[in-house]
Amino acid sequence: MTAGWQTTPPLDNAQPGGWVLARCSQGFLADSNGVLFPREWLKRQELPHVAEHGLGYFDGEPVWLLVLDQPADVPGCHWQGLRQFMLQADYPTFRMLSFAEQIGSWSSNHRFCGRCGSRNRQVPGERCMRCPECGLDSYARISPSMIVLVTRGDEILLARSPRFVPGMYSTLAGFVEPGESVEECVAREVREEVGVEVSDLQYLGSQGWPFPHSLMLGFHAEYAGGDITPQVDEIEDARWFHIEQLPPLPMPRSIARYLIDLYLARRLGHPEPVLPR
Ligand SMILES: NC(=O)C1=CN([C@@H]2O[C@H](COP(=O)(O)OP(=O)(O)OC[C@H]3O[C@@H](n4cnc5c(N)ncnc54)[C@H](O)[C@@H]3O)[C@@H](O)[C@H]2O)C=CC1
Ligand SMILES: [Mg+2]
Ligand SMILES: [Zn+2]
């Protein structure tokens, strides 16, 4: 038995038993035991669901996802958003919910064909929604994004988006444009967001990120020129911080924090952190 979370190819919906998660636009169904409900019990609640998807195994037990349009009332339960679980849940649960979130939003956003408007059908054994009229297949969307720590000796470049919690600063991030390499994206986003040039890119690792469907590709870059000029509306503030005088940082399980902690460890000769998986 594998402990924790393991994503698998779609499980057969005709298979009985197992556990189930329920998701709607308001988040996941939860009670005092957590987010996993006995699947046969939840079926008897007859929630108005639009789809069911077999996701994988949690501590060796199969897990399905019930996709709802609206939050339904279930006695003793409440609906809770993924960001809350990100802060509170153990890492395997957060990984399971991250995956469920993206399968759930893909499933509810692709009920109709984007080309001809017909009702899509779930393809058995595949994570694919297929249009029976024109044949268009829709898979879950993953958006490649770069995230980079720019450094200048003992100083690191961190910035604030207006969306961040007060006081927190993070590394720069941005979505890859069509036709662009991720290296070009790093140079462009850093230029756009803070007006700085970078060199000596080093790829350090990746992390799937469910807000909304990013694949974060993490880099280190050296400062190569320019003065910080924050992008209007996108960047509230950006600064060089000395590594011994850092502001509040992103949460430890994020790749943003990993990039910062890795640089500090290398600079100060401490043991290197491990990117959470
Ligand atoms: N795991 C981590 O440590 C971190 C993850 N992130 C994630 O990185 C991603 C990119 O960061 P941002 O600075 O927000 O990106 P960004 O700098 O590209 O700006 C966001 C804007 O880009 C546009 N955009 C372009 N392509 C898009 C797409 N495929 N999906 C959605 N919006 C798109 C939208 O107008 C959006 O408002 C986000 O998903 C964010 O949640 C950001 C920081 C830390
Ligand atoms: Mg950005
Ligand atoms: Zn179609």
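Once you keep just the Cα pairs under 8 angstrom separated by 6 or more residues, what percentage relative contact order results for the stretch 143-268? Spell out each step's value before the answer.
Working: 253 pairs, mean separation 43.0, N = 126.
Relative contact order for the stretch 143-268 comes out at 34 percent.
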Checklist line | 10 Å Cβ shell holding at most 15 others, DSSP loop, chymotrypsin sites (Phe, Trp or Tyr not before Pro): longest site-free stretch of the chain | finding: 1-138
Item checked: Relative contact order %, the chain, counting alpha carbon pairs below 8 Å whose residues are six or more apart -> 14 percent
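Considering only DSSP states other than H, G, I, E and B, which trypsin sites (Lys or Arg not before Pro) in the stretch 123-229 qualify as loop sites with at most 10 other Cβ atoms within 10 Å?
Hits after loop and neighbour filter: Arg163.
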Next item on the list: Could you state the angle between the C-alpha long axis of helix 255-268 and the longest principal axis of the C-alpha atoms of the chain, as a value from 0 to 90 degrees rounded to the nearest 10?
Entry: 40 degrees
Item checked: Assigned charges on the beta-carbon of Lys, Arg, Asp, Glu; the chain dipole about Cα centre (debye) -> 820 debye
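Note down the relative contact order for the stretch 10-122 as a percent, whole number, built from C-alpha pairs under 8 angstrom at least six residues apart. Walk me through the numbers on the way to the answer.
On the way: 169 pairs, mean separation 31.7, N = 113.
Averaging sequence separation for qualifying contacts and normalising by length gives 28 percent for the stretch 10-122.
How many percent of DSSP beta bridges within the chain run antiparallel, rounded to 5?
Working: 48 of 62 bridges.
Here the share of antiparallel DSSP bridges comes out near 75 percent.
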Note to self: Using only the alpha-carbon atoms, how far is helix 91-109 inclined from the longest principal axis of the chain? Give it as 0 to 90 degrees, nearest 10.
What the structure shows: 70 degrees
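For every helix of n ≥ 4 consecutive DSSP H residues, a contribution of -39,500 (n - 2.57) applies; sum these over the chain, divide by its total residues, and give [θ] at 222 nm rounded to the nearest 500 deg cm²/dmol. Provide the component values of the computation, followed by the final result.
Details: 5 runs with 59 residues, N = 277.
Calculated at 222 nm, the ellipticity per residue is -6500 deg cm²/dmol.
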Notebook entry, point to check: By how many degrees, 0 to 90 and rounded to 10, does the Cα axis of helix 182-194 deviate from the longest principal axis of the chain?
Noted result: 70 degrees
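Loop by DSSP (not H, G, I, E, B), at most 11 other beta-carbon atoms within 10 Å: where is the longest site-free stretch of the chain for GluC sites (Glu not before Pro)?
On the way: sites that count: Glu46, Glu244.
It works out to 47-243.
Taking R0 as 45 Å, what FRET efficiency do you get between Ala3 and Ser199 from their Cβ-Cβ distance, rounded to the nearest 0.05? Kindly include the intermediate steps, with their values, before the conclusion.
Values: r = 43 Å, r/R0 = 0.95.
So the FRET efficiency works out to roughly 0.60.
All of the numbers you see were taken from the coordinates with simple rules; none came from a lab. Worth saying up front: this structure is predicted, and the values here are computed from it rather than measured. Ideal geometry is used to build each Cβ from the backbone, glycine not excepted, and the neighbour counts take in all protein chains shown.
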